[in-house]
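Report on the following structure.
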Amino acid sequence: MTDTSAALVPIRIDPPEQPLTGLRRLRTMVTNPMEGWPAAVYREPMVTFRVFGRNVTFVMAPALIREVLLDQSDAFVKGDIPRRTLGTVLGEAILTADGAHWRWQRRAAAPAFRHEHVAALIPAILAAAERRRAAWSSLAKGTELNVAHEMMRTTFDIILDALLSGRDSVDAAKTEQAITDYVATMGWAVALAMLRLPGWIPFPGSRAAARGRDYLREVAASAVTRVRQGELDGGSLLSLLAKATDPSTGRSMDDRDLADNFLTFMAAGHETTALALTWSFYLLSLHPDAEERILSEIQEVTGGEQLRPEHIENLKYTSWVVQESMRLYPPAALLLREPLRDIQLGGLTIPAGTQTYVPTYAVHRHALLWDDPDRFEPERFRPELADKRDRYAYLPFGAGPRICIGMSFALTEAVAVLATLLRSFRLSLRPNYRPRMQLQVTLRPAGGMPMRLHRR
Ligand code: HEM
């Protein structure tokens, strides 16, 4: 293979043949745990190995994933790690809670994500995409942008608009910095949890993380005050959550629940979508043919007019590109579970408390599930092919009762933002730059995604 063609292969992790041990294991756990996953994770149905004296089971076969996420989901909790990492800032909200405390919140919040509410948000999504387009229009030709950061700002704008019906009351730059400082230390928090060490032990960045956490809690408290005082539009997501009740128990959210869920939706609802967009721009820069097809599709669907809400669901090929990007680079690259009791899985007994992982990144590139898994091929999502695939072979949004509540919001948003920006600009990767993946709660490009802006 020549150098040029090597540069066109989307980046991938080269797994070690055997699980890493000792200091190398600790280093990858803090910097990028995916680099420690052994090659067997990409070719076996299920693998168990020891990490710091603890068994960790990786589940890749779709039938077994279905057992974990659906059929036996009552036997699993998210467990210690999410609580010790995300839970210290997000509290026990929908993403981090388990059992009955998760169930009533999920039932209460579900109506806010019904089709009509998501559809009502599309004009705000398109307006935010348009603001980003206008900002880029004022830049000189060839300007280099960190597209990862640009997408974070765009989707942050959108989630704040959705939650509060307006973004002006939150200092976006400070809030984003607080999230970044907090997330940057997650690897350490996971390592301490795996080593069963207490969470208060200081580690690099822990003070900045604590400041970030305190700032985020202040932002949430002030949003809750505003919604309680009736200052928000009734259609905003936070107002819907404040009014929501669980139909089974009649329970509704107190101020603490509301603040926890506000932060949860703010965090879960922007970073993931921003990453899906960032990786899509990266892949399109390697595949100009796919970009051309998107442009023709937009032209066909809009007739050359401004993008309108009703156009979005007809941008089918654009959505295949987003889905293929999330296959190669799933923003949630690892789903964590822990069985509450001993369970049977694939003929083996998994003892209670075993860390049980569904590594979506590896499932999406598994040798038994995909042809030429490392190749970018949006056509895989053509309905004739996608319908034949096992439901549990492709899980960017998870599956079962804990499937992402914001899935249709996220897909609509990603397609709308991608289409709006691609129409006016082409982005090319900084010459000779190879991004590097890093799993820090979500799958990010370490060091950002430097790309040059070209006007069409
Ligand atoms: C491309 C964008 C997104 C991706 C890839 C994504 C992925 C996921 C995944 C994989 C899960 C399940 C985690 C697990 O089973 O352990 C999840 C849960 C969740 N997501 Fe998303 N998400 C995205 C966008 C959003 C958006 C836009 C929102 C909110 C507006 C959101 C809110 C949530 C919440 C609250 C949960 C927890 C659900 C529960 O446990 O009941 N996500 N997401």
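The values are calculated or read from the model by the stated rules, or taken from the named source; none is laboratory data. Keep in mind it's a predicted model, so treat the numbers as computed, not measured. Quick reminder, even Gly has a Cβ in these numbers, built from the backbone with ideal geometry, and neighbours come from all protein chains shown. These accessible areas exclude ligands, DNA and RNA; they are computed on the full protein's heavy atoms, side chains included. Shrake-Rupley method; radii C 1.70, N 1.55, O 1.52, S 1.80 Å.
Of all the criteria given as (1) open to solvent by 50 Å² or more (accessible area, probe 1.4 Å); (2) at pLDDT below 85; (3) touching a Gly at 6+ places or on another chain (Cβ under 8 Å), the one not satisfied by R167 is (3). The listed residues are A267, A274, A244, A208, and the only one of them that is at pLDDT below 95, within 22 Å of A127 (Cα to Cα), open to solvent by less than 50 Å² (accessible area, probe 1.4 Å) and in contact with a helix residue (DSSP H, G or I) (Cβ under 8 Å, 6 or more places away or on another chain) turns out to be A267. Considering the range 78-101, and only residues there that are free of Cβ contacts under 8 Å to residues at least 24 places away in the same chain and buried (at least 16 other Cβ atoms within 10 Å of the Cβ), the residue that is farthest from R213 (Cα to Cα) turns out to be D98.
Candidates are the residues of the range 407-439 that are at pLDDT below 95, open to solvent by 30 Å² or more (accessible area, probe 1.4 Å) and in a strand (DSSP E or B); the one that is farthest from the ligand (Cβ to nearest atom) is R436. Counting only residues that are within 19 Å of F376 (Cα to Cα) and either surrounded by fewer than 22 Cβ atoms within 10 Å (Cβ to Cβ) or polar (S, T, N, Q) (or both), the range 298-319 holds 4 of them.
Once the range 388-398 is narrowed to residues that are surrounded by 21 or more Cβ atoms within 10 Å (Cβ to Cβ) and within 9 Å of the ligand (Cβ to nearest atom), the residue that is nearest to L163 (Cα to Cα) is P396. Of the residues making up the range 227-241, those that are part of a loop (DSSP other than H, G, I, E, B) and open to solvent by 10 Å² or more (accessible area, probe 1.4 Å) are Q229, G230, E231, L232, D233, G234, G235. Of the listed requirements (1) within 24 Å of T185 (Cα to Cα); (2) open to solvent by 40 Å² or more (accessible area, probe 1.4 Å), L20 misses just one: (2). Considering only residues in the range 300-326 that are closer than 30 Å to V59 by Cβ and out of contact with any Pro (no Cβ under 7 Å at 6 or more places or on another chain), the one that is farthest from the ligand (Cβ to nearest atom) turns out to be S319.
Checking R107, R66 one by one, the residue that is within 14 Å of the ligand (Cβ to nearest atom), touching an Asp or Glu at 6+ places or on another chain (Cβ under 7 Å) and open to solvent by 30 Å² or more (accessible area, probe 1.4 Å) is R107 and no other.
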